[in-house]
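S.K.: I am attaching a structure below and will ask some questions about it afterwards.
The values are calculated or read from the model by the stated rules, or taken from the named source; none is laboratory data. In this text the structure is predicted, and so the values were computed from the model without any measurement. Ideal geometry is used to build each Cβ from the backbone, glycine not excepted, and the neighbour counts take in all protein chains shown. With ligands, DNA and RNA removed, areas are computed over all heavy atoms of the protein, side chains included. Shrake-Rupley method; radii C 1.70, N 1.55, O 1.52, S 1.80 Å.
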Amino acid sequence: MTTTLDVPKKEVAVEERDSVTIRLAGDSGDGMQLAGTQLTHTSALLGNDISTFPDFPAEIRAPAGTLAGVSGFQIHFSSSEIHTPGDCLNTLVVMNPAALKTNLKDLELGGILIVDKDSFGTSDLRKAGYKTNPLEDGSLSGYRLFQVPITSLNREAVAELKLSPREADRCKNFFALGLIYWLYERSLEPTLRYIKTKFSKNPSVLEANTRALKAGYNYGETTEAMVVHYRVGKAKLAPGTYRKITGNEAIALGLVAAAHATGLPLLYAGYPITPASDILHQLAEYKRFGIKTLQAEDEIAAIGAAIGASFGGVLGVTGTSGPGICLKSEAIGLAVMTELPLVIIDVQRGGPSTGLPTKTEQADLLQAMYGRNGECPVAVLAPATPGDCFAMTLEAVRLATQYMTPVFLLSDGYLANGAEPWAIPQVDQLPDLHIEHPKEHNAEVDGQPVFHPYKRDAKLARPWVAPGTPGLEHRIGGIEKQDVTGNISYEPANHEYMVRTRAQKIANIANDIPELQVNGPESGELLIVGWGGTHGSLLTATQRLQRKGYSVSHAQFRYLNPMPKNTGDVLKRFKKVLVCELNGGQLRLLLRGHYLVDALGYSKVQGKPFLVSEIEEKAEEILRS
Amino acid sequence: MTTKSLPLTPKDLASDQEVRWCPGCGDYSILAQMKKALASLDFPREKMVFISGIGCSSRFPYYMNTYGFHTIHGRAPTFATGLKMMRPDLQVWVITGDGDGLSIGGNHLLHAMRRNTDLKIVLFNNEIYGLTKGQYSPTSRIGTRSKSTPTGSIEGPLRPLSIAIASEATFVARTTDVDITHLVTVLQRAAHHKGSAFVEIYQNCVVFNDGVFEYATNKSVKNDNLCYLEHGRPLKFGKDRNKGIRLHGLTPEVVNLGSGISDDDLLIHDEKAEDPTLAFMLSRMVRVPGDEMSFPEVMGVLRAVDHPVHHELVQQQIDEQIKKRGPGDLQALLTGDETWTVT
């Protein structure tokens, strides 16, 4: 081991902090995402509440050292309940000048800035567009700057292993992580366990990463420069057993749970697309649960296979992001017309077109609502947090199978990759979604038993008969159906009746979903409204405003089509309504259209989630006017 | 309800829907022969599924008293793929046309065959778009005059069988709408094949492309223009079966039998050959009108090989995982590897 272990311990002061926001930033090859994930994991196991925001470029390896190649991982951990990854950084770790340049603006004045001094050479500075060295020109004097020779110290730490410099440098993310672990009193154990499992087949890499992590920690412990470390206590979460979960993980688990709850096999068909691919990857690992996955030849094939599965009487699910939804729209229309259950997961990203593949946005709402030919209503749901993705996935399956309809699940890049603590559900408490396919005829014609595929139940859902059922052979398709019989019909009045019936069926779902919940007083000056993944920022901003004495409440839509039954009532109880969304004002348009409410809007379309302060400022501006 | 007792009659497979193709359309014959072929299978009709895309041929499922799904343009193989993966007990037929299957849906056709999905894909080739009232299609011959090519089409056609062989289909065959005995036999063979079966049917569009296959259907000339393939038999054709196909190096050539050339000199058809080269060569033979020594167009089964089937491989991986690691424990999955408890 490095000799630093033998050095007598220095005097260290410990300061308590309620919550801390840290960002690790470096080149996209520097392993910042892995280090961030480990920090998250360790903090969660320590009992902190956590919220994370990984932010990475679309290019796997943009030219090293350039601004375009900077990858960052932000984590907020706290001893109290938190809902966002934090607005402002308390600590920023940068592995090169490009990372400094793109991230410094988010660091609070007086915040801790740890830089890898070794990577501030002339060419590194030039690639990042620095004319002078910021470590020397006094421009960082507003921060607590720690210039740590991370690269060379790390190489030294692993020197005995005789790795190439390139291999040695691959561990420097763990050196930096070790230093953060010291600074914030985190245990090394969870990460050491991870290293042991992950690199069990590669002893030298295992050893190198172990040494790097420990060396970083020991550096913090021995260097005279750092004399304070920070303690963030356990959060007072509701009693229970927790794990860390991201939105994509929660969707994958939700689908496995849905297969269990319905008693039906499940096919997940997808085509690789950021940021949805992880759902496909994860489900492909769940073969032991009988889950089948298909990497289809394109987005259309993926939804086609999912609908084919649904037609077969099992759960058909497809997942993608906005561009994929464009390609799937014709098939969604077919599922609406043939009234088959289908779950469509849209992990939204910045658009239009290819847009910002790795960045978050909420601009697919109107596409999900209306992006098809003809009158083509579907149910639309939007989970509010990473953990909520699990519950809403089960909801999507429930509504799809009970109402015989496609259901959109609008997640986003922020939910997909962000993590939070998640109270682990018990299998015996999952909702009972058991499905029985009809086996008997449902009508008689001239005294003969017949099956009418479009004879509806009280909810207006048609029977879901699985092929293979004798006597119930029938044909469905995309041409307009005659009511009840399902035969092809071009009859004008029938078409209008069927259009209205399909719409009414979706509207009926409002009777079967929870009411819109108001966080704060049931009436007042201002209602802050959002949908889906912005929940944390809007709730936190509302709570801060309430503490300042403002008459403000918050409501987050998780059901967008249909909207909860009490929506109109809730909106009318507030003098002003502010709809905050990461798009140009799509929910606002819907609320104004449906409820004739003069809703104000606050839009952000930067590929980034809302900061709490942005909402707070906008709300205060309105409240003061 | 109870299953219709076997064996079925063709009538048992007729739905109550009025058939609405144009009078004289080749599709009527294909529908009739399909019912005959399926009735002979000793397989329950509730386990048969017909999936189609868009086009005249794609109305087919409505007329079969089986399960059926009339989907969207070109995408039928995708629905069929998902269905067969999840319901291997069903016999899944895909009905498509030259526009549906080879133009808008080309990609899906390729990949369904590449995966060796256990589908019976029947492509009705009439070399024209019928339902949209007469535009040229990806199989139309150069010079085809249609509404969208009033001065003649300038694009070379695709050869459906070549596409199927290049896409690794494990059963590839061709027949015509009016040769009813041959049609029934080919459909039966396709039904019995395990894996992706591709059948091209020359089908006459009586309204927009009437007579385009006259050379292959008119009894007085067809034997000069077609070569019926038989496994293990020499490639012979002609009204008097006096012509054959012989390999000259890597190139096939038409030869007149007699005058020193006998059956022994001819290429012997081997539908089971693992190497698809000869099958591909057969798929490329196109009749040249007016050429005395023109190649014939082949009819029958070009290729029929046994390869692992997609849905079985999917299930095999599941079974292997369960065998290796035990069946999935949902509670353990939800709980994950690392947890903490708040009291």
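S.K.: Taking the Kirkwood radius as the inverse of the mean 1/r across Cα pairs, report the Rg/Rh of chain B.
M.R.: 1.05
S.K.: I would also like to ask the following. Report relative contact order for segment B:70-219 in percent, whole number only (criteria: Cα-Cα under 8 Å, sequence separation at least 6).
M.R.: 23
S.K.: Using a Förster radius of 25 Å, what is the FRET efficiency between residue A:144 and residue A:613 based on their Cβ-Cβ separation? Nearest 0.05, please.
M.R.: With R0 = 25 Å, the Cβ-Cβ based efficiency is 0.70.
S.K.: If you place +1 on the Cβ of every Lys and Arg and -1 on the Cβ of every Asp and Glu, how big does the dipole about the Cα centre of segment A:243-429 come out, in debye to the nearest 20?
M.R.: 320
S.K.: Would you mind giving the average projected area, over all directions, of the Cα convex hull of segment A:1-113 in nm² with one decimal?
M.R.: 9.0
S.K.: Please check which bits of segment A:386-416 a label hung off residue A:508 would reach, taking the label as a point 7 Å along Cα-to-C-beta and the cut-off as backbone N under 15 Å.
M.R.: Once the point is set 7 Å along Cα→Cβ of residue A:508, A:399-406 turn out to lie under 15 Å by backbone N, inside segment A:386-416.
S.K.: Need one word for segment B:170-290: rounded, prolate or oblate. Basis is the Cα gyration tensor (sqrt eigenvalues a ≥ b ≥ c); a/c below 1.5 gives rounded, then a/b vs b/c decides. Display every interim value, and only then the final one.
M.R.: Working: a/c = 1.90, a/b = 1.17, b/c = 1.62.
Here segment B:170-290 falls in the oblate category.
S.K.: Here's something else I'd like to know. Using only Cα atoms, what Kirkwood radius does segment A:443-512 have, in angstroms? Intermediate results must be reported in sequence, preceding the final value.
M.R.: On the way: mean 1/r = 0.0751 Å⁻¹.
Computed over segment A:443-512, the radius equals 13.3 Å.
S.K.: Now, a different point. For labels at residue B:151 and residue A:228 in the simple 7 Å Cα→Cβ model, what's the distance in nm?
M.R.: 8.3
S.K.: Among A:543, B:144, B:125, which residue has its Cα positioned farthest towards the positive end of the charge dipole of the protein assembly as shown, with +1 placed on the Cβ of Lys and Arg, -1 on the Cβ of Asp and Glu, and the dipole taken about the Cα centre?
M.R.: A:543
S.K.: Return the carbon/sulfur percentage of the accessible area of chain B, one whole number, probe 1.4 Å, all protein chains in place.
M.R.: 53
S.K.: Of A:170, B:59, which has the most accessible area and how do the rest follow, probe 1.4 Å?
M.R.: A:170, B:59
S.K.: Right, another one. Dipole size in debye (nearest 20) for the protein assembly as shown around its Cα centre, Lys and Arg Cβ +1, Asp and Glu Cβ -1?
M.R.: 200
S.K.: Once the dipole of chain B is set up with Lys and Arg at +1 and Asp and Glu at -1 on Cβ about the Cα centre, which of B:113, B:57, B:25 lies farthest towards its positive end?
M.R.: The one lying farthest along the dipole's positive direction is B:25.
S.K.: Specify which residue in the list A:120, A:490, A:348 is farthest towards the positive end of the charge dipole of chain A, using unit charges on the beta carbon of Lys, Arg (+1) and Asp, Glu (-1), about the Cα centre.
M.R.: A:120
S.K.: Mind listing the phi-derived Karplus ³J(HN,Hα) values for segment B:271-287, rounded to whole Hz, using 6.51, -1.76 and 1.60 with θ = phi - 60°, and x for any glycine or proline?
M.R.: Each residue of segment B:271-287 in turn: 5, 8, 4, 5, 6, x, 4, 5, 4, 5, 4, 5, 5, 8, 6, 10, 5 Hz.
S.K.: Pull up all non-local amide H partners of residue B:64: gap of 5 or more, or a different chain, and H-to-H distance under 5 Å with H placed in the peptide plane.
M.R.: B:15
S.K.: At 1.4 Å probe size, with every protein chain present, just tell me what the per residue accessible area of chain A comes to in Å².
M.R.: Averaged over the residues of chain A, the accessible area is 38 Å².
S.K.: Please sort by residue number the GluC sites (Glu not before Pro) in segment A:87-179 whose DSSP state is loop and whose Cβ has at most 15 other Cβ atoms within 10 Å.
M.R.: In loop regions of segment A:87-179 (DSSP not H, G, I, E or B), the sparsely surrounded GluC sites (Glu not before Pro) are A:136.
S.K.: Moving on to the next point. What are the extents of the Cα atoms of segment B:10-212 along their three principal axes, listed from largest to smallest and rounded to whole Å?
M.R.: 50, 35, 29
S.K.: Per-residue ellipticity at 222 nm for chain A, helices alone: DSSP H runs ≥ 4 residues times -39500 (n - 2.57), over residue total, nearest 500 deg cm²/dmol?
M.R.: Value at 222 nm, helices only: -11000 deg cm²/dmol.
S.K.: Also: Take the alpha carbon atoms of segment A:346-370, find their center, do the same for segment A:191-206, and report the distance between the two centers in whole angstrom.
M.R.: 38
S.K.: Dipole size in debye (nearest 20) for segment A:13-231 around its Cα centre, Lys and Arg Cβ +1, Asp and Glu Cβ -1?
M.R.: I would put it at about 720 debye.
S.K.: Now for a separate question. Helix A:388-403 against the longest principal axis of chain A: what's the angle in degrees, Cα atoms only, rounded to the nearest 10?
M.R.: 10
S.K.: Further, regarding this structure: For the pair B and A, how large is the buried accessible area, both sides, in square angstrom to the nearest 100, if the probe is 1.4 Å?
M.R.: 5900
S.K.: How far, in degrees from 0 to 90, does helix A:247-262 lean away from the longest principal axis of the Cα atoms of chain A, to the nearest 10?
M.R.: The answer is roughly 40 degrees.
S.K.: Amide H neighbours of residue A:560 under 5 Å, counting only residues 5+ apart in sequence or on other chains, H built in-plane at 1.01 Å?
M.R.: Hits under the 5 Å cutoff: A:380, A:381, A:382.
S.K.: Could you give the nm distance between label points at residue A:455 and residue A:430, where each point is 7 Å from its Cα heading toward the beta carbon?
M.R.: 3.3
S.K.: Cα axis of helix A:189-198 to longest principal axis of chain A: angle in degrees, 0 to 90, nearest 10?
M.R.: Taking the Cα atoms of chain A, the angle to A:189-198 is about 70 degrees.
S.K.: In whole angstrom, how far apart do the alpha carbon centroids of segment A:112-129 and segment A:293-336 sit?
M.R.: The distance from the Cα centre of segment A:112-129 to that of segment A:293-336 comes to 47 Å.
S.K.: Hey, can you list the residues from segment B:65-81 whose accessible area shrinks by 40 Å² or more with all protein chains present, relative to the chain by itself (probe 1.4 Å, no ligands or nucleic acids)?
M.R.: In segment B:65-81, residues shielded by partner chains: B:67, B:68, B:69, B:70, B:72, B:75, B:78, B:79.
S.K.: Under 19 Å Cα-Cα from residue B:11, which lysines qualify once same-chain neighbours fewer than 8 residues away are excluded?
M.R.: B:35, B:36, B:47
S.K.: If you don't mind, there's one more thing I want to ask. Out of segment A:568-625, which chymotrypsin sites (Phe, Trp or Tyr not before Pro) are coil in DSSP terms and have no more than 14 other C-beta atoms within 10 Å?
M.R.: In loop regions of segment A:568-625 (DSSP not H, G, I, E or B), there are no sparsely surrounded chymotrypsin sites (Phe, Trp or Tyr not before Pro).
S.K.: Largest first and to the nearest Å, give the Cα extent of segment A:121-162 along each principal axis.
M.R.: Dimensions of segment A:121-162 along the principal axes of its Cα atoms: 38, 25, 11 Å.
S.K.: Net charge near residue A:355: determine it from the other residues with C-beta under 14 Å of the C-beta of residue A:355, scoring Lys and Arg +1 and Asp and Glu -1.
M.R.: Neighbour charge sum, excluding residue A:355 itself: -1.
S.K.: Something else about it: Just to be sure I follow: if Rg is taken over the C-alpha atoms of chain A and Rh is the Kirkwood radius over the same atoms, what is Rg/Rh?
M.R.: With Rg and the Kirkwood Rh in hand, the quotient comes to 1.03.
S.K.: Classify segment A:524-624 from the C-alpha gyration tensor, please: rounded if a/c falls under 1.5, else prolate or oblate depending on whether a/b exceeds b/c.
M.R.: Because a/c hits 1.5 or more and a/b fails to exceed b/c, segment A:524-624 counts as oblate.
S.K.: A further question follows. Let me have the relative contact order for chain A, percent, based on Cα pairs under 8 Å that are six or more residues apart. Numbers along the way, then the final one.
M.R.: Details: 1374 pairs, mean separation 74.3, N = 625.
After rounding, I find 12 percent.
S.K.: Using alpha carbon centroids, what distance separates segment A:7-45 and segment B:1-65, in Å?
M.R.: Computed from Cα coordinates, the inter-centre distance equals 67 Å.
S.K.: Quick one: if the Förster radius is 41 Å, what FRET efficiency do residue A:109 and residue A:238 give, using the C-beta to C-beta distance and rounding to 0.05?
M.R.: 0.70
S.K.: When the Karplus curve 6.51 cos²θ - 1.76 cosθ + 1.60 is applied with θ = phi - 60°, which whole-Hz ³J(HN,Hα) does each residue of segment A:58-64 get, with x for Gly and Pro?
M.R.: After applying 6.51 cos²θ - 1.76 cosθ + 1.60, I find 6, 6, 5, 9, 5, x, 4 Hz.
S.K.: Over the alpha carbons of segment A:232-306, what is the largest minus smallest coordinate on each principal axis, giving the biggest first in Å?
M.R.: 49, 30, 17
S.K.: Right, another one. Return the subset of A:292/B:84; A:105/A:359; A:287/A:328; B:219/B:239; A:359/A:618; A:287/B:324 for which the Cα-Cα distance in this structure is over 21 Å, preserving the input order.
M.R.: Over 21 Å Cα-Cα: A:287/A:328; A:359/A:618.
S.K.: Grab the DSSP H runs of chain B that are 4 residues or longer, score each as -39,500 (n - 2.57), total them, divide by all residues and round the 222 nm result to the nearest 500 deg cm²/dmol.
M.R.: Per the formula, -7500 deg cm²/dmol.
S.K.: Treating only the Cα positions of segment A:39-187 as identical point scatterers, give the base-10 log of I(q)/I(0) from the Debye formula at each q in 0.11, 0.14, 0.17, 0.18 Å⁻¹.
M.R.: These q points yield log10 I(q)/I(0) values of -0.46, -0.75, -1.10, -1.22.
S.K.: So what are the ³J(HN,Hα) numbers for segment B:237-247, from phi and the Karplus equation (6.51, -1.76, 1.60; θ = phi - 60°), rounded to whole Hz, Gly and Pro as x?
M.R.: Here the 3J(HN,Hα) series is 7, x, 3, 9, 6, 10, 10, x, 10, 10, 8 Hz.
S.K.: Share of segment A:443-512's accessible area from carbon and sulfur, percent, 1.4 Å?
M.R.: Taking all protein chains in place, segment A:443-512 shows 52 percent carbon and sulfur surface.
S.K.: Given Cα positions, please report Rg to Rh for segment A:243-429, the hydrodynamic radius being the Kirkwood one.
M.R.: 0.93
S.K.: Looking only at B:117, B:96, B:181, which one moves most when chain B is put into a Gaussian network model with springs between Cα atoms under 10 Å?
M.R.: Answer for the Gaussian network model of chain B: B:181.
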